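Enquirer: Here it is: the structure, laid out below.
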Amino acid sequence: MVDPERLELSTSCMSYRHSNQVELWVPRLKYNESKLEVKKRKNSLQICVFIARYIKIVKMKKLLKDTNAFKDPINELGWKDSNFKDYEDQRDYLKKNNGIKDLKTLYPEEIEKAKRVFDQEGFVVIKNALKKKELEKLKKGCEEVIREILALDKERVGNRGSHRYSFGSSSISGHLMHRPEWAMLLDLPTVTPILKAIFDSSEYIARGGGGDFCLPGATEYQHLHSDMGDRSEFSGITFGSFRDDRGKLTVRDLPCPYVCCNFLMVDFTKINGPTRQIPGTQNNLDKIPKIHEEPEWMKLSTVCPAPAGSVLIRDVRAWHGGTPNLSKEVRAIPNAEFFAPWYREPMPISMPREIYDNLSAHGKNIARYIVCDSNETVKTGYSL
């Protein structure tokens with residue numbers, strides 16, 4: 001039996017919280033990069049997914065299909081188990097108080113300043129990261145994927161809480177790199193120079209990409225969390241990558257090993273579920289507070305206002321979490337994820353060869369660990 005307390009401290013877990021407040025922790029399995037190990041990894045992954053589905057069948061109500069997900073306007077697909085009008089007081093409170101005071105938003109050409117802010121705060125916001133056509137392309141791709149996912153979930157149970165979804169965890173491959181809209185994010189002229197500065201190298205590695213979205217009616221806060229931790233073993237499964245057996249160092253003592261770039265499809269406002277980031281926590285060794293333990297300022301420490309087309313570049317060790325979307329619009333933040341040149345964790349094969357062949361030279365170099373062989377295919381589709 002998997003111990004959720006043990007896994008909550010791990011880097012490589014996926015949390016599934018549903019409206020009935022049952023929370024499961026599903027491990028992402030480790031594997032090496034050799035062909036032999038990849039085959040073993042695939043078998044293990046299938047077993048892992050089977051176990052996860054078995055638990056969900058036992059613990060959670062069956063999800064209902066929703067054919068209207070392909071018909072209704074995208075912004076009318078939320079507010080399924082609550083009423084917009086019932087949250088007027090909370091909306092007013094957030095409009096008055098939400099947002100990081102003096103939030104710094106920079107331009108793509110401010111590379112060194114972006115690195116300094118990132119190193120200090122654990123994240124940085126870069127506006128105009130996407131050109132108009134790139135933003136339109138990515139928004140269209142997001143809408144198509146969102147409709148595919150919501151068609152599986154009429155009651156909007158979600159896989160990150162009610163009305164809240166992970167793109168990657170909903171994808172059979174674990175990523176969205178089979179879609180050109182996501183692959184486009186691996187090498188943008190507005191972002192790549194900043195990543196090279198953060199990693200102090202051009203030889204960083206693409207892990208993949210996914211992101212998340214929350215629908216109107218996502219009324220709960222997501223718990224603060226970090227996306228990685230020290231390596232640990234449990235029931236024969238390895239979680240995480242770095243561990244100092246002397247007990248002198250943790251992953252939080254290292255230079256930044258893992259960066260996530262979330263792209264804003266709509267303006268981050270005070271009421272549409274902006275991500276909250278707790279500044280400077282990427283190296284913090286304190287225990288992350290549970291929701292009922294959080295001081296109010298942490299719940300209001302959101303990355304807003306920030307315009308559509310911006311990118312939130314974050315050190316995944318920094319504490320962060322989702323916030324209520326009390327608006328009437330879907331808030332989506334697709335992402336691309338990158339490892340430092342010296343860091344590795346499992347990277348599932350998620351990119352078809354035909355997508356890879358259309359990448360830039362730099363894009364091909366950093367995506368070389370996630371592309372399938374020419375005689376292989378990436379299994380795609382969505383599942384909750």
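Enquirer: Quick one: HIS362, HIS163, HIS178, fewest Cβ neighbours within 10 Å first, how do they rank? Kindly include the intermediate steps, with their values, before the conclusion.
Expert: Numbers: HIS362 13, HIS163 30, HIS178 21.
Fewest-to-most ranking of HIS362, HIS163, HIS178: HIS362, HIS178, HIS163.
Enquirer: Report, by chain and number, residues whose modeled amide H sits under 5 Å from the one on TYR258, excluding near sequence neighbours (fewer than 5 apart, same chain).
Expert: Under 5 Å from the amide H of TYR258: VAL316, ALA340.
Enquirer: Return the aspartates and glutamates within reach of LYS140: Cα separation strictly under 19 angstrom, same-chain partners fewer than 8 residues apart disregarded; answer none if there are no such residues.
Expert: Output for LYS140: ASP72, GLU76, GLU148, GLU181, ASP212, ASP267, GLU329.
Enquirer: If each of GLU112 and ALA361 carries a label point 7 Å out from its Cα toward its Cβ, how far apart are those two points in nm?
Expert: The answer from the label model is 2.7 nm.
Enquirer: What FRET efficiency, computed as 1/(1 + (r/R0)^6) with R0 = 56 Å and r the Cβ-Cβ distance, is obtained for TYR93 and LYS196, rounded to the nearest 0.05? Can you show the working numbers first?
Expert: On the way: r = 41 Å, r/R0 = 0.74.
Taking R0 as 56 Å, the efficiency between TYR93 and LYS196 is 0.85.
Enquirer: Something else now. What distance in nm separates the two pseudo spin-label positions at ARG353 and PHE84, each 7 Å out from Cα along the beta-carbon direction?
Expert: Taking the two extended label points, one gets 4.9 nm.
Enquirer: On to the next question. Based on the alpha carbons, how large is the Rg to Rh ratio for region 226-362 when Rh follows Kirkwood?
Expert: 1.01
Enquirer: Given 0.36 nm per residue, what is the gain on full extension from THR250 to THR67 after removing their alpha carbon distance, in nm?
Expert: Working it through step by step, the gained length comes to 61.1 nm.
Each reported figure results from applying straightforward, stated rules to the coordinates on display, with no laboratory input. Just so it is clear, the model here is predicted, and its values are computed rather than measured. Quick reminder, even Gly has a Cβ in these numbers, built from the backbone with ideal geometry, and neighbours come from all protein chains shown.
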